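To start, the structure itself, in structure tokens.
Read-outs throughout are calculated quantities, based only on the coordinates presented, and are distinct from any laboratory measurement. Being a predicted model, the structure only gives us computed values, none of them experimental. Quick reminder, even Gly has a Cβ in these numbers, built from the backbone with ideal geometry, and neighbours come from all protein chains shown.
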Amino acid sequence: MREFLADGGAEATPIRFARPGGWKQGLKGLAASLRFAEAYGFDASAGKTLLLPDVKGEIALVLVGLGKGDEIDPLLPGKLSSALPKGVYQFEDWPGDPELAVIAFLLGAYRFERYRKRSAEAARLVLPDGVDRARILRIAESVALGRDLINMPANDMGPVELAAAAQALATRHKAKCAITIGDELLKANFPMIHAVGRGSARAPRLVDIQFGKSSDPKVTLVGKGVVFDTGGLDIKPPAGMLMMKKDMGGAATALAAASMIMDARLPVRLRVLLPIVENAIGGDSFRPGDVLKSRKGLTVEIGNTDAEGRLILADALALADEESPELLIDFATLTGAARVALGPDLPPFFTRSDKLAAQISQIGDRLADPVWRLPLWRPYHALFDSKIADMNNVSSSPFAGSVIAALFLGRFVEKAREWAHFDIFGWTPSTKNGRPEGAEPQTARLVYALVEEKFSANITGQAAQGKGLRRARRTQ
Ligand code: BES
Ligand code: MN
Ligand code: ZN
């Protein structure tokens with residue numbers, strides 16, 4: 001990502017953001033440019049971009065339309081990294097948050113090039129004054145890491161490779177990383193991770209990263225790591241299976257957020273738990289009708305082997321919950337129903353805490369990493385009753401699938417002080433500003449900012465005082 005940043009600003013081409021009413025005044029001294037822009041039909045509508053030449057034919061100025069009204073997309077500059085020819089550019093007058101503008105530019109420049117290299121050289125941006133270079137690179141590179149992991153096809157991103165990526169990240173930040181593999185999962189009491197993963201020739205595993213001082217507040221991230229979801233014996237139809245390399249999007253998002261938190265050395269004891277499996281079809285696959293005993297002791301009847309994510313997450317969440325973390329967050333490409341409810345760009349999230357919900361929504365809005373709260377609607381617990389076990393893994397009703405999956409997970413979270421679950425899509429179906437078509441670790445930037453806001457040592461005033469009081473009370 002750093003290759004899209006330029007060092008010197010002297011020779012940079014200015015990028016001017018234009019409003020429908022006022023852009024012509026600025027071109028008064030450049031009569032030819034004004035005539036050209038008018039003839040071209042430039043109207044300063046949102047995202048419209050026009051290059052204006054000087055007398056030598058060099059690019060003198062880039063005009064970018066902001067559109068009408070106050071609803072300017074904070075990621076609009078993300079459009080420019082691919083729209084502009086090779087060269088060095090600089091924002092003249094971006095009206096929004098400059099840090100987010102640079103992040104958007106970098107995120108828009110991302111390409112997945114493992115199997116085919118990009119040809120054209122890219123545009124580069126001069127860092128605006130006051131923008132922290134280390135911080136924007138931390139965010140952009142962590143998102144790129146998450147995207148790379150998701151974009152990688154399942155033949156090259158199996159349980160071994162995903163766990164190795166987690167291990168490499170831990171090593172880079174001098175964190176501990178323990179990995180429990182195959183039948184060891186049974187000995188260590190992760191029976192549902194084992195059951196879901198045992199049908200594959202590629203053994204299931206649980207990654208457990210621990211970073212920071214044990215005396216710092218405990219923050220735990222859990223991510224669904226299904227490297228490929230065939231549906232299991234309840235096999236998916238072709239259209240449903242096509243994209244299922246992205247079913248480890250939760251794990252990739254947890255790693256992206258962890259990468260930001262560790263790189264910033266936030267004062268938390270961070271733990272990352274990744275249950276990693278391939279939901280495959282084989283002689284040893286788990287079956288519809290099986291009853292699994294979970295780590296927590298609750299028994300689960302399998303109504304559908306395609307509802308596998310909640311099973312592996314349940315064991316990981318139970319482990320996370322055992323040490324009563326201050327904050328427990330899980331990410332998962334858990335249900336198709338989440339996308340039916342809100343579409344691919346707006347992941348639902350669930351939490352019992354109204355305060356945490358408000359904080360999450362507000363940060364998501366501010367950072368253009370949007371989410372929408374859905375309820376943990378308790379009456380729907382009855383919909384996944386089982387006649388022979390503590391619960392079924394699917395509902396008897398076709399409705400509210402994302403809510404039911406969240407309620408299922410919630411049964412394994414009792415002691416964490418606060419818990420939030422993100423049911424992400426992990427993918428951008430068609431390119432948007434700062435979001436090229438393909439993998440997207442949705443909510444990773446949001447969660448980094450959340451952990452920073454809640455636990456950063458630099459926070460002064462009421463927030464910090466409130467935290468101090470709560471902690472004092474808990475020790476009584
Ligand atoms: N990984 C899928 C959910 C999914 C599908 C996420 C498509 C994003 C896009 C999950 O494991 C799954 O198959 N869920 C089932 C649950 C059902 C069997 C209750 C679903 O959503 O259909
Ligand atoms: Mn599935
Ligand atoms: Zn799945």
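Points worth noting:
- Going through (1) in a loop (DSSP other than H, G, I, E, B); (2) more than 14 Å from ligand 3 (Cβ to nearest atom) one by one, Gly231 falls short only on (2).
- Pick from the range 360-383, criterion touching a residue at least 60 places away in the same chain (Cβ under 8 Å) and of a type in the set (A, V, I, L, M, F, W, C), ranking: farthest from Pro74 (Cα to Cα): Ile360
- Within the range 299-331, tally of residues that are in a strand (DSSP E or B) and either near ligand 1 (Cβ under 8 Å from one of its atoms) or over 25 Å from Met241 (Cα atoms) (or both): 4
- Any hit, the range 362-374, residues being more than 25 Å from the chain's Cα centre (by Cα), surrounded by 15 or more Cβ atoms within 10 Å (Cβ to Cβ), farther than 20 Å from Trp419 by Cα and more than 16 Å from ligand 1 (Cβ to nearest atom): no
- The set of residues in the range 407-451 being touching a residue at least 60 places away in the same chain (Cβ under 8 Å) and assigned to a helix (DSSP H, G or I) consists of Phe408, Leu409, Gly410, Ala444, Arg445, Leu446, Val447, Tyr448, Ala449, Leu450, Val451.
- Matching entry among Val131, Val160, Val88 (being over 30 Å from Ala10 (Cα atoms), β-branched (Val, Ile, Thr), surrounded by fewer than 23 Cβ atoms within 10 Å (Cβ to Cβ) and over 21 Å from the mean Cα position of the chain (by Cα)): Val160
- Checking each residue in the range 226-262 for being within 13 Å of ligand 2 (Cβ to nearest atom) and closer than 13 Å to Ile312 by Cβ picks out Val226, Val227, Asp229, Gly232, Asp247, Met248, Gly250.
- Among (1) more than 10 Å from ligand 1 (Cβ to nearest atom); (2) touching a Pro at 6+ places or on another chain (Cβ under 8 Å), the one test that Arg287 misses: (2)
- Of the criteria (1) at positive phi; (2) crowded, with 20+ Cβ neighbours inside 10 Å, which one Leu266 fails: (1)
- Within the option set Val394, Val413, Val340, being over 29 Å from Pro74 (Cβ atoms), out of contact with any Leu (no Cβ under 7 Å at 6 or more places or on another chain) and of a type in the set (A, V, I, L, M, F, W, C) holds for one residue only, Val394.
- All positions within the range 331-354 that are away from ligand 2 (no atom under 16 Å from the Cβ) and not small (Gly, Ala, Ser): Leu342, Pro344, Asp345, Leu346, Pro347, Pro348, Phe349, Phe350, Thr351, Arg352, Asp354
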